[in-house]
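A.B. asks: Input: one structure, supplied below.
The values are calculated or read from the model by the stated rules, or taken from the named source; none is laboratory data. As the structure is a prediction and not an experimental result, all values here were calculated from the model. Every residue, glycine among them, receives a Cβ derived from its backbone with ideal geometry; neighbour counts consider all protein chains shown. Only protein heavy atoms, including side chains, enter the accessible area calculation; ligands, DNA and RNA are left aside. Shrake-Rupley method; radii C 1.70, N 1.55, O 1.52, S 1.80 Å.
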Amino acid sequence: MRVTKFTVGILVSMILLSIFFANLLNLLSTQALTTDEFTKDNFINVTDTSENLMWFLQISDIHISIFRDPLRITEFKEFCQYTISTIKPMVVLASGDLTDAKTKDAIGSKQYEDEWRYYRDILKETHVKEKTLWLDIRGNHDNFNVADLSSKQNYFTNYSVQGRAHPRSYMYQMRKRNTLYTFIGIDACLEPGPRRPFNFVGMLDDVEVDEINSLIKKTESSPSNYTIFFGHFPTSCILTTSGTESARDLIGKHKKGLVYVCGHLHRLGGLVPKMYTLQKAGFLELELGDWKDNRVYRLLAIDHGMLSFIDIHHRQWPVVLITTPKHALFMNPAKENINILRHSTNIRILAFSLSRIDFVKVKIDDGSWIQCKRVKGPLFVAPWNPHDYLQGLHNIEVFVKDVDGRTRSDLQPFSLDGTRLSFGVLSKLALMTNASVIFKSFFYVMMVLTVLPLVLIRYIHFLVAGGKLVKPRARKSCWFSWLRKMWILTTVDRLFWPVVLYPVYLAVGPWSIGHIVEEHVGAIFAWGIYVNGTFLPGAFTYCYGFVQFVTFQIPLTCIVANAVFFRFQELQSKYERKETLTRKICRHMPFTVIFSIQVIMAYLFWLAYGTMAFFLGPLRTWSLLLAAILYYQALHLPEKCIRRALEVWHVSSDANVEETDLNVSPAEKSN
């Protein structure tokens, strides 16, 4: 049986794809390891008392702005005044992007002291620090255009609650009766902090990794029972320079770390409204939707070692959280003992409202409603027999009504035999992958796709012209038509080399030189940024370059190839066609569109980084000159430039796909 090259190619492709998807599925696996020793030491009987119960809040991406959406500030004040007073959390975690730090045109970025004053004054006027422990930490917006911690632009130090004592990562411990809770904040902001957009991915340098390790060691040497990690960036958006421990490694190695809560991704523009996952390192990672546009905050509770939570829209009352039995999706066998639920005696519910709760009732599956009794504060309980629900998934439903008639119902699945639910694929992709690796992969794949086909076609041309390879047969297809256009382009040196070398330059050379941070001049490369004596590894820069390839370089190559083909036809026919105005507009429209887009992008870059960066900018500004020169050259090629193409191709004047080989003398083969 003859095995063709096509068959081999298919088999190799299938093997490579299988390896890729196998690795992807392994990466996105949420099966955490069960630690038997840990669970044996943490068995607590769940009864109807308020012992071993603590709840707290998280708010993220507030984006206080002096230019946009004043309700953002007004409703944040309501949150501090009414929500905190009603829920009475032990702690509030404010996980970054406290201020917006964007210019009035929403393109540039800088720190505005007035925004920070709003933040400070709201907390002061609502007496937040007298009601709860407010733990705030920086986000990338709080770090726009900040050279270092001592910079005058670093308003976080003077205007936040924790900034003066804890300018970066820190630890706080709180005791409630016999239980000690530890909160560890992870500050992954870049130092220095560039202006937008190159401040999207955070980084932990060796010094900060050592500091976090020190905080973990202090926690482990203390009688701490549970640890909650919080920060602004998801672990997928945090680089480490040590090369040994990632953010997930740091969090995962701490046996008592239950969860890492964060913000930053803003629900990916609404694509992933519930962005949660269980990391393979054995901890839950929960991204919270933003306050900025969605007005969302989070209620979390640790009840007898079980972490439960619910995300809530502002002004949504009553607020209800079922803590026992816990939601099946968020069971974590590495940190929680499911036997606690199997031997519990009561269903436990937290219920809050602006007015007194009138009643709380629950039912399981299709059973009857059971009235709950209030134990203390917001805790309501109802007796149950967990042995009736030991197999498979079940649903528990709660209904709450306050004395003013507000109602709230909630339904959640639970399991007592370890039956698991699956997190969404998009959630796992957003939280379990590595954003920097993805951006870098997209960039280099696109660069190769931009350069390699042209190089291969040029090499094939020399083989065909030298008689070592047969010229492809003419076919009436779109694919063949574009192959011919690209082929002719590769034979014209004055076009081929700029089109091929510019993408290579983007991978190695500076994109722009300008004021990257405050008044410090720096250079932006695909692989990183040099500024103020510091190197920041490339991350979002790769994404920026990928966009440049997709919106400019690849379309420009196709447009230039089409223009070269048009000129090739003109030179073959020995006369210039007379075109109608409509035809001319249609022919030049694609170039006009991509050139206009690039002009807009260059203008936006100027607004973001200033005049120096604009003029010393090969990525944006100089590419406009390159595009204009290439397009003009393609439309006005002299006849000598097509001689090499004539070694293989001849295109008739009516643009049909018939080609005939022409005998060209060796003296005519040079451009």
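A.B. asks: In the neighborhood of A328, defined by Cβ-to-Cβ distances under 11 Å, what is the net charge if each Lys or Arg adds +1 and each Asp or Glu adds -1?
C.D. replies: Computed value for this residue: +1.
A.B. asks: How big is segment 458-562 in terms of Cα radius of gyration and Dmax, in angstroms?
C.D. replies: Just the Cα atoms of segment 458-562 yield Rg and Dmax of 19.3, 61 Å.
A.B. asks: Another question about this same structure. Taking the dipole about the Cα centre of segment 361-498, with the C-beta of Lys and Arg at +1 and of Asp and Glu at -1, give me whichever of A435, F399, S368 is farthest to the positive side.
C.D. replies: Farthest along the dipole direction, towards plus: A435.
A.B. asks: Still on this structure, I have one more. So for the pair L180, K255, with labels modelled 7 Å out along Cα→Cβ, what separation do we get in nm?
C.D. replies: Each label point is offset 7 Å from its Cα along the Cβ direction, giving 1.5 nm.
A.B. asks: Grab the Cα-Cα distance for F566 and N213, subtract it from 0.36 nm times how many residues apart they are, and report the gain in nm with one decimal.
C.D. replies: 120.7 nm
A.B. asks: Which pairs, out of K485/K640; K77/K376; K176/K217; K256/K373; K131/K217; K476/K584, put more than 20 Å between their alpha-carbon atoms?
C.D. replies: K77/K376; K176/K217; K256/K373; K131/K217; K476/K584
A.B. asks: So if I restrict to the alpha-carbon atoms in segment 291-352, what is the Rg, and what is Dmax, the biggest pairwise distance, in Å?
C.D. replies: 13.3, 43
A.B. asks: Further question on the same structure: Would you calculate, for the chain, the mean residue ellipticity at 222 nm contributed by helices, counting each DSSP H stretch of 4 or more residues as -39,500 (n - 2.57) and dividing by all residues, to the nearest 500?
C.D. replies: Estimated from H runs of four or more residues: -11000 deg cm²/dmol.
A.B. asks: To continue, here is another question. Under the definition of Cα pairs under 8 Å and six or more residues apart, what whole-number percent is the relative contact order of the chain?
C.D. replies: Rounded, it is 12 percent for the chain.
A.B. asks: Using the C-alpha atoms of segment 371-452, what convex hull volume per residue, in cubic angstrom, is computed?
C.D. replies: Measuring per residue, one finds 200 Å³ for the Cα hull of segment 371-452.
A.B. asks: Could you state the per residue volume, in Å³, of the convex hull enclosing the Cα atoms of the chain?
C.D. replies: Per residue, the Cα convex hull of the chain comes to 217 Å³.
A.B. asks: How much length, in nm to one decimal, is gained on full extension between V599 and I585, taken as 0.36 nm per residue of separation minus their Cα-Cα distance?
C.D. replies: Gain on stretching V599 to I585: 3.1 nm.
A.B. asks: Considering only C-alpha atoms, what is the centroid distance from segment 201-244 to segment 395-446, in Å?
C.D. replies: So the separation of the two Cα centres works out to 24 Å.
A.B. asks: Sticking with this one: Nearest 5 is fine: what % of DSSP beta bridges in the chain come out antiparallel, could you say?
C.D. replies: Taking every DSSP beta bridge with both residues in the chain, the antiparallel ones total about 75 percent.
A.B. asks: Can I ask one more? Just to check I understand the Karplus step: with θ = phi - 60° and J = 6.51 cos²θ - 1.76 cosθ + 1.60, what whole-Hz values come out for segment 412-424, glycine and proline as x?
C.D. replies: For segment 412-424, the Karplus curve yields 9, x, 9, 8, 10, 10, x, 4, 10, 9, 10, 6, x Hz.
A.B. asks: Next question. Considering only the other residues whose Cβ falls under 13 Å of the Cβ of V209, what net charge follows from Lys and Arg at +1 and Asp and Glu at -1?
C.D. replies: -4
A.B. asks: Sticking with this one: Report the gain in length on full extension from H314 to D404: 0.36 nm times residue separation, minus Cα-Cα distance, nm rounded to one decimal.
C.D. replies: 30.6 nm
A.B. asks: Another one. Put F614, F229, F309 in order of accessible area, largest first, 1.4 Å probe: what do you get?
C.D. replies: My answer, sorted largest first, is F614, F309, F229.
A.B. asks: If you don't mind, there's one more thing I want to ask. Once you put a point 7 Å from the Cα of T419 and another 7 Å from the Cα of S441, both along the Cβ direction, what distance in nm separates them?
C.D. replies: Result: 3.4 nm between the two label points.
A.B. asks: Over 18 Å, how big is the tail of the calculated P(r) for segment 532-576, in percent of all Cα pairs?
C.D. replies: Working: 567 of 990 pairs.
Result for the distance tail: 57 percent.
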